[in-house]
Amino acid sequence: KSRPAAASARRMLVDSTRPCRRCRLGLVSRNETLFTTGMTTCVATAQMASRTPTKKMPDIQVFGASDSSATRAALRFFRERRVAVHSVDLRKRPIAAGELQRFVQKLGARALLDEDGKAYKDTGLAYMRLDDAEIVQRLLADARLIRLPLVRPGNEVTAGPAETTWTAWLKAAADSRS
């Protein structure tokens, strides 16, 4: 039998009875027609996948490192609340000068500098007097000096773990929707 060529949602004819590939609980029976993306799933799993798992929020960007516990905690915080997040790993892709300048304008360069980190102590910055422009140059040159995570929904920003501020953002977004 011919199948439609649409890759995103194609009609699939299941040949025999077998457990669902996703939940392993539901059974997919013979001649059951499902709209899936190539996987054989039960009806319950297909219905769960069709629900929207995220809440409507402005685009939240989290700048951090994959090996940073604070960044992982921030991502977990938003994931637990079903908020879609765009994550940028600063070890793989350094922050752009314009993006860093946006954080500096809101918080100040000194607030973005991780004064408790190992890189700060190793470079001897504790013994130097730096103005904001020099701090920004150092932050652009070495991403290990940035206090992580940097979180930005729209025009508001935070540096470091700030769960109370993030909660206030989510509450304000929920109030504006209702």
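Of all residue pairs spaced 6 or more apart or on separate chains, those with beta-carbon atoms under 6 Å, a first member in the stretch 111-127 that is in a helix (DSSP H, G or I) and a second member that is of a type in the set (Phe, Trp, Tyr) and surrounded by 16 or more Cβ atoms within 10 Å (Cβ to Cβ) are LEU112/PHE103.
Here THR167 fulfils each of the conditions (1) exposed (fewer than 15 other Cβ atoms within 10 Å of the Cβ); (2) closer than 16 Å to ASP59 by Cα; (3) modelled with pLDDT under 90 apart from (3). Of all the listed residues (LYS92, LYS106), the sole one being basic (Lys, Arg) and exposed (fewer than 13 other Cβ atoms within 10 Å of the Cβ) is LYS92.
For the stretch 147-164, filtered to residues that are without any contact (Cβ under 8 Å) to a residue 60 or more places away in the chain, of a type in the set (Val, Ile, Thr) and surrounded by 14 or more Cβ atoms within 10 Å (Cβ to Cβ), the residue that is nearest to ALA74 (Cα to Cα) is THR158.
For the stretch 144-178, what are the residues that are out of contact with any Lys or Arg (no Cβ under 7 Å at 6 or more places or on another chain) and among the hydrophobic types (A, V, I, L, M, F, W, C)? ILE146, LEU148, LEU150, VAL151, ALA162, TRP166, ALA168, TRP169, ALA172, ALA173, ALA174, listed by residue number.
Out of LEU140, LEU170, one residue alone is in contact (Cβ under 8 Å) with a residue 40 or more places away in the chain and under 16 Å from the mean Cα position of the chain (by Cα). It is LEU170.
Right, ILE135: among the aliphatic types (A, V, I, L, M), surrounded by 13 or more Cβ atoms within 10 Å (Cβ to Cβ) and in contact with a Lys or Arg (Cβ under 9 Å, 6 or more places away or on another chain) or not? Judged against the criteria, ILE135 is a match.
The values are calculated or read from the model by the stated rules, or taken from the named source; none is laboratory data. Not measured: the values here are computed from a predicted model. Using ideal geometry, Cβ is built from the backbone for each residue, glycine included, and neighbour counts are taken over all protein chains shown.
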